[in-house]
Structures are given as structure tokens and as C-alpha cells.
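What follows is a short report on a single structure.
The values are calculated or read from the model by the stated rules, or taken from the named source; none is laboratory data. Since the model is a prediction, treat every value here as computed from it, not as a measurement. Cβ placement follows ideal geometry from the backbone for every residue including glycine, while neighbour counts extend to all protein chains displayed.
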Amino acid sequence: MTDPRRDPVRRERFTLPQSELERRADYRERHARERERRQRRNRWIGVSGVLVALTTIGVIIELAVTGGDTSEDGSTSATSAASESSASSESSGSSSDGGDDTETSGAEGPVPGSAPDSEVGELPAGGDYDASGDGTFQGVGNAGATAGDVEKLGDEAYSYVVELEDGINGSTFGGGDAFASTVDSVLADERSWISTGDFAFRHISARSEDTPDLRIRLTSPETTKELCGGTTELETSCFIQGDDDEGEAGAGRVIINSARWIRGASTFEGDLGGYRQYVLNHEIGHGIGFAAHQPCPEDGALAPLMMQQTLSLNNGELEGLDSGSEFGGTAAENTCRPNAWPFPHGRSEGEAVDVRD
């Protein structure tokens, strides 16, 4: 019996037609060309990745070594190269669709320029405000905020409520609660009256049975004029001792003119936030005993907080307004820089008088 494992392998042999042989040869040739293209592409991608990585590393090393040397136009050399590359790429890939080719990427922003000529103390341009309100007030904000060491000072800490005149459109300045929040934050700032440890404040509810020491009110210009009086027709704020029909106050009422709250003062050159800090600190300063206005002590110095910075930073101009400033022996030509804080450097001079006694 024949061992099947020893049988020779049988292979069938046949001849393909010439057309099939040509088709298969053509396929192998095309397949070889495609494989070669893929290999070249993969090699190029790999090399490109290495080049990008090396270029990035080179830029980082260059910046680290040179500190980002700047060219004459103020840009770094690496940034300039990248910009040129980007511009070249954009140029080569742009279409000629007749669009506007004007360069705008390097356009300069507006510059402040000079303030327009205006009268001393004149209200600057700005947002809209209501000239008058109803003459009545409502409490705003959230009671409970404290500033300074209230526990240490105890009954000597000043209590206050924050109020908004009825009839004023609050949308132009964020509303009454925003005003109250600014009051709270200004009083709690270490540059404000709490700096020396002699003063502390606590915000109580307008509905509290306790009489507040201060009623801090945002008031329309017409109501402000009725309450504050004064010798000038300019928009100002004030402090008035005692209480009124709208509520009792142990020390008095801080009247903040809403026109100034919305527009500020030319002396602060557009810094509305800085002006708001100033006017609160200034009028509350009157409320805690700093009654006298101060002059500019030295030309170019920071203005004392109790200077009438709403109207002018120049002694002579304030004197010409007959605004009640006390100059003593200081020079009329002295002009100070605006300052919003009683203790911008953490130092104080003079003593306060407790007007509640």
C-alpha cells in the first residue's frame, strides 16, 4: 500500500491569456508606484515634524538667551519672522476677488487728547441723569457689612444706612444696590478712614429701630441744591448735620449728587471710579468730624482728601469760586494731583472731632 505522505504534490499548470498577463503586470506596476509615493510622503511628513520641532526649540532657546531682543519697530525678531511667514502664507493663498486690501491690523487706537475748554467746576460730559427726584428716600443694599475694628471701638463705631432718592432711574449707574456696595467697599478699604484704627463703620438696615449715625444718600441734583444750599450753582455734594423728616441721624446726612456720581469731575480726567471713591471719602470725612476744606499744600503733590477736588485742583481757582476753602499761607498757584483717599500712603495728620457729642 502506498504511503499517501510520500505521494508527490500535484500542481496544475495552465497558461493565462496574454491580456490577463498584461493586466496583472500593469496592476503590479501601478501598485508599486503608489507604494513609493506613500513612502515618500511619509518620509516628508516625518522630516517636516522634526524641522518644526527643531525650529520651535530654536526660537525658545533664542528668546531665553537674548531675552526677546527687539527690533527697531519694538517687536521681537522671532515674532517678526513669524509675522512675515504668516503674511507670506496669507498672500500666497489669497484670491483675487476684488476685495478691500487695505491694511487694518496695524491701526492705532484713539488717544485721549486735551480736555475741552470748560468753566472751573463744570460738570463733564457723560451719561444721562435725572435732574430731579421725588424728595423721598428708600433704603438700598444689604445691611451687615463692617469696616475697621468694630468690636474694639464698640459704640464709637459709626453706624450708617444707605439710601436712594425715589424717582431716580438707577439703570444709568447700576441701581441702588450697586451704590450701596460701593459705599461698603470704599469704607472697608485700608486707604480709607479705617487706616489709623480710630474709625470703624457698620452698615445697618434702614428699617432698623436703631438711629444710624450717618444716612448716606444718592440724591438728584435739584434735591441736592435744596438740601445743601451753598454759594455756587455748580453741581456739588455735601454733608448736613442732624436729621430731617425722612429719618433721624446721630451725626447727619451725607448727600451725594447723582449727576456727579454718573459723570464724575473733570479734575479726575475720566476716572469715574476714582472720583466716586473720592466723593464718598470726602463727604463722609465731613460726617466724622473733618469740617474744614484744605488747600493744595505744594505744586504737583497729591491733593488732600478734604480739598474740594470736585471743583478744582488749583488753589487760586477755588478761591475765585468763593467756595469756602481755607488757604492760610499756601500759594494760590499750587495745583495738586487728584487723590481719592484720606491715607493713600497709610499716614494721617490731625485729629477728628466727634460731631455726635
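Condition check for Gln294 on (1) part of a loop (DSSP other than H, G, I, E, B); (2) touching a helix residue (DSSP H, G or I) at 6+ places or on another chain (Cβ under 8 Å); (3) polar (S, T, N, Q); (4) more than 25 Å from Val111 (Cα to Cα): one failure, at (2). For Leu318, are the conditions met, namely being surrounded by 22 or more Cβ atoms within 10 Å (Cβ to Cβ) and at pLDDT below 95? Criteria met by Leu318. Out of curiosity, is Thr310 buried (at least 22 other Cβ atoms within 10 Å of the Cβ), of a type outside the set (A, V, I, L, M, F, W, C) and assigned to a loop (DSSP other than H, G, I, E, B)? Spelling it out, Thr310 is indeed buried (at least 22 other Cβ atoms within 10 Å of the Cβ), of a type outside the set (A, V, I, L, M, F, W, C) and assigned to a loop (DSSP other than H, G, I, E, B). Please go through the stretch 321-357 and pick out each residue that is among the β-branched types (Val, Ile, Thr) and modelled with pLDDT of 90 or more. Matches in the stretch 321-357: Thr335 only.
One residue stands out among those in the stretch 172-207 that are acidic (Asp, Glu) and touching a helix residue (DSSP H, G or I) at 6+ places or on another chain (Cβ under 9 Å): the one that is farthest from Ile288 (Cα to Cα), which is Asp177. Which of the residues spanning the stretch 152-175 are in a helix (DSSP H, G or I) and under 20 Å from the mean Cα position of the chain (by Cα)? Answer for the stretch 152-175, where residues must be in a helix (DSSP H, G or I) and under 20 Å from the mean Cα position of the chain (by Cα): Ser171, Thr172. Only residues that are among the basic types (Lys, Arg), touching a residue at least 60 places away in the same chain (Cβ under 8 Å) and assigned to a strand (DSSP E or B): list them for the stretch 223-271, please. If the condition is that a residue be among the basic types (Lys, Arg), touching a residue at least 60 places away in the same chain (Cβ under 8 Å) and assigned to a strand (DSSP E or B), then no residue fits. Could you tell me whether Asp299 is of a type in the set (D, E, K, R), surrounded by fewer than 22 Cβ atoms within 10 Å (Cβ to Cβ), modelled with pLDDT of 95 or more and farther than 19 Å from Thr310 by Cβ? Criteria met by Asp299. Comparison of Ala292, Ala265 shows that the only residue that is touching a Phe, Trp or Tyr at 6+ places or on another chain (Cβ under 8 Å) and under 22 Å from Asn334 (Cβ atoms) is Ala265.
Considering Gly252, Gly274, Gly287, the condition of being of a type outside the set (D, E, K, R) and on the phi > 0 side of the Ramachandran plot is satisfied by Gly252 alone.
What is the number of the single condition among (1) modelled with pLDDT of 95 or more; (2) within 29 Å of the chain's Cα centre (by Cα); (3) surrounded by fewer than 21 Cβ atoms within 10 Å (Cβ to Cβ) that Thr196 does not meet? Status for Thr196: all satisfied but (1). Within the stretch 161-187, the set of residues being exposed (fewer than 15 other Cβ atoms within 10 Å of the Cβ) and more than 23 Å from Thr223 (Cβ to Cβ) comprises just one member, Ser185.
Please go through the stretch 133-144 and pick out each residue that is part of a loop (DSSP other than H, G, I, E, B) and surrounded by 15 or more Cβ atoms within 10 Å (Cβ to Cβ). Within the stretch 133-144, Gly133, Gly135, Val140, Gly141, Ala143 qualify.
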